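Since the structure comes first, as structure tokens, the remarks are kept for the end.
The values are calculated or read from the model by the stated rules, or taken from the named source; none is laboratory data. Remember, predicted model here, so these are calculated numbers, not experimental data. Virtual Cβ from ideal backbone geometry, glycine too; neighbours counted across all protein chains shown.
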């Protein structure tokens, strides 16, 4: 049973990833099929397969899990379990690690159980939420931004764009800061630090002037925060001169970082806005002001979903909308670009980078680490799927480290930076890597022919038996056909042929 990278997702595309899943209760072998399907969804099939016992207990089962499923008949649970046992498990390069010791790291010398934190947002905005996240396995939280001025939220305040399979591709919010008072938030910090002393509390703050930045920093330190995150990047503020308005002006970044430093001696991270051409000027200004690290990226200014009848962009708040912050997996390439910029900046060497923006699974997180981040923060995926995603984040990254022979997660930080160039001028242009067709799995749909004809170089046609034929004289090796093939039947030949 060969499914390939795209085919595995079709196994779970109809699964709603429900809570307290009936399929788990129905499984006579106690294999927790809901967790296994969730692992496939989050690109974590290897550690899921490693958890399964041998031999395959699903092969001869009558599949009561599928009967119990809330979408009975629509989710091939048994096929998914057999995929893990029969296609994935035999190819595993390593056993599942028996501990999470390899995931241990730090932020500016302060220990972390693993690299994963909740990003500053609604997902970490009160004691109960943080406590449940900590119990689930998150190493820490960047608490929802604390301020000394009143916050009044709009309703509704979220919107989304969806991919073809119905999953959320992009997310917009017009959410602002914590609506608790400073005193209430300080009480939360004290209780969290008492009950979870090993967890990392990153206090996100925003002031309106030097005095507020200094005072908020002082209070957070005195009430148990391990570090500060200065919010120079929220795009949704009602008042001018706050959030991303600061992050776009390096002089203000330096000034208010210095103000926060006067109030606290704990590590300070400056959270920078992506609504700039380059992030380095603000980052260098934060360093000059006394910051020990950087967080990036915050959300991107956006509009979406203009209603064709009302002419109002979503979310519609009593007939009006506004520019808001865009997040979700669609922004990850932009976030990675900024993290790489910061990671390659020699002036910032030694500063901790906390990366975020579109992280849903362990491979997303790994990309941030490879480009220089030392920790990873998550919001939108938690809003969509819940704190439980930490299981697959940790298990997937832990298995990767084991399989690759890394003893510690810090060993992967920055490994991809040397291969990144700001421009395409550095790329080799004298050779072609041709696509390679797998005749056994090709179904003759013709998607490669259509895309090459209308969006490429007219180098593919189907023969009388609906088999794709490549014209090497026309092919330029762009690999559009590889990307559009729905059955993973086109790959790279791996052979670089010099052009005449």
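Values as computed for the structure displayed
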| read-out | value |
| --- | --- |
| Residue list for segment 39-66, restricted to those being more than 19 Å from residue 99 (Cα to Cα) and touching a helix residue (DSSP H, G or I) at 6+ places or on another chain (Cβ under 7 Å) | 40, 41, 42, 43, 56, 58, 59, 61, 63, 64, 65, 66 |
| Candidates 423, 441 - the one that is modelled with pLDDT under 95 and under 26 Å from residue 333 (Cα atoms) | 423 |
| Condition met for residue 156 (modelled with pLDDT under 95 and farther than 22 Å from residue 332 by Cα) | yes |
| Any hit, segment 68-79, residues being assigned by TED's automatic domain parsing to the domain that holds residue 358, part of a helix (DSSP H, G or I), buried (at least 16 other Cβ atoms within 10 Å of the Cβ) and modelled with pLDDT under 95 | no |
| Close pairs from segment 343-354: first under 15 Å from residue 375 (Cβ atoms), partner at pLDDT 95 or above and part of a helix (DSSP H, G or I), Cβ under 7 Å, at least 6 apart | 343/417; 351/287; 353/339; 353/342; 353/343 |
| Residue 297 vs. criteria in contact with a strand residue (DSSP E or B) (Cβ under 7 Å, 6 or more places away or on another chain) and at pLDDT 95 or above | no |
| Checking residue 446 against (1) closer than 21 Å to residue 10 by Cβ; (2) free of Cβ contacts under 8 Å to residues at least 24 places away in the same chain; (3) surrounded by fewer than 13 Cβ atoms within 10 Å (Cβ to Cβ), the condition it does not meet | (3) |
| Sole residue being in contact (Cβ under 8 Å) with a residue 60 or more places away in the chain and over 29 Å from the mean Cα position of the chain (by Cα), chosen from 487, 441 | 441 |
| Filter result for residue 93 (loosely packed, with under 15 Cβ neighbours inside 10 Å, in a loop (DSSP other than H, G, I, E, B) and in contact with a helix residue (DSSP H, G or I) (Cβ under 6 Å, 6 or more places away or on another chain)) | yes |
| Test: residue in segment 159-169 that is outside any loop (DSSP other than H, G, I, E, B), modelled with pLDDT of 95 or more and on the phi < 0 side of the Ramachandran plot | no |
| Qualifying residues in segment 319-333 (those that are part of a helix (DSSP H, G or I) and out of contact with any strand residue (DSSP E or B) (no Cβ under 7 Å at 6 or more places or on another chain)) - the one surrounded by the most Cβ atoms within 10 Å (Cβ to Cβ) | 332 |
| Residues satisfying the stated conditions in segment 443-471, i.e. farther than 18 Å from residue 483 by Cβ and in contact with a helix residue (DSSP H, G or I) (Cβ under 7 Å, 6 or more places away or on another chain) | 461, 462 |
| Among (1) within 24 Å of residue 381 (Cβ to Cβ); (2) part of a loop (DSSP other than H, G, I, E, B) - the single one residue 148 does not satisfy | (1) |
| Single unsatisfied condition, residue 247 versus (1) out of contact with any strand residue (DSSP E or B) (no Cβ under 7 Å at 6 or more places or on another chain); (2) modelled with pLDDT of 95 or more; (3) buried (at least 24 other Cβ atoms within 10 Å of the Cβ) | (2) |
| Single residue of 336, 342, 269, 294 found to be part of a strand (DSSP E or B) and either under 19 Å from the mean Cα position of the chain (by Cα) or closer than 25 Å to residue 384 by Cα (or both) | 294 |
| Residue within segment 453-472 that is within 32 Å of the chain's Cα centre (by Cα) and either under 23 Å from residue 11 (Cα atoms) or not assigned by TED's automatic domain parsing to the domain that holds residue 9 (or both) present | yes |
